[in-house]
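Asks: A single structure is presented below for examination.
The values are calculated or read from the model by the stated rules, or taken from the named source; none is laboratory data. All of these numbers come straight from a predicted model, not from anything done at the bench. Backbone-built Cβ (ideal geometry, glycine too); neighbour counts: all protein chains shown.
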Amino acid sequence: MTYISFLILSIFVTWYLLRPLFATEVLGGGEVVSDRESLLDQKERCLQVLKDLELDFSLKKISESDYTTMKGSLQRELGSVLSRLKA
């Protein structure tokens, strides 16, 4: 059961983080979203996924090893986004 939960959560997190790379960055009125806005959105998504992950761990929905692995991955992604925002 833990492996299935980990697999589903991993797929969701990967899709959630990579979705902006494949999405069209034009808003309804034809306004193009800047790279900075896109990075800020990605930062917010990473932070929200981290909060959700911490909640799932506190509710014992995922194991400590899964939590550590996923948290590390999300923190690296967030670090990458933050470094691109500073550049």
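Asks: Output the residues belonging to region 58-68 that are of a type outside the set (A, V, I, L, M) and in contact (Cβ under 8 Å) with a residue 12 or more places away in the chain.
Replies: Correct list: K61, S63, D66, Y67.
Asks: Right, Q48: surrounded by 12 or more Cβ atoms within 10 Å (Cβ to Cβ), within 10 Å of the chain's Cα centre (by Cα) and at pLDDT 90 or above or not?
Replies: So Q48 fails the test.
Asks: Which condition breaks for L21 when tested against (1) at pLDDT below 70; (2) surrounded by 14 or more Cβ atoms within 10 Å (Cβ to Cβ); (3) under 15 Å from the mean Cα position of the chain (by Cα)?
Replies: Of (1) at pLDDT below 70; (2) surrounded by 14 or more Cβ atoms within 10 Å (Cβ to Cβ); (3) under 15 Å from the mean Cα position of the chain (by Cα), only one is false for L21: (2).
Asks: Provide a single number: the residues in region 77-87 that are out of contact with any helix residue (DSSP H, G or I) (no Cβ under 6 Å at 6 or more places or on another chain) and either surrounded by 11 or more Cβ atoms within 10 Å (Cβ to Cβ) or farther than 21 Å from R36 by Cβ (or both).
Replies: Summing the residues that are out of contact with any helix residue (DSSP H, G or I) (no Cβ under 6 Å at 6 or more places or on another chain) and either surrounded by 11 or more Cβ atoms within 10 Å (Cβ to Cβ) or farther than 21 Å from R36 by Cβ (or both) in region 77-87 gives 3.
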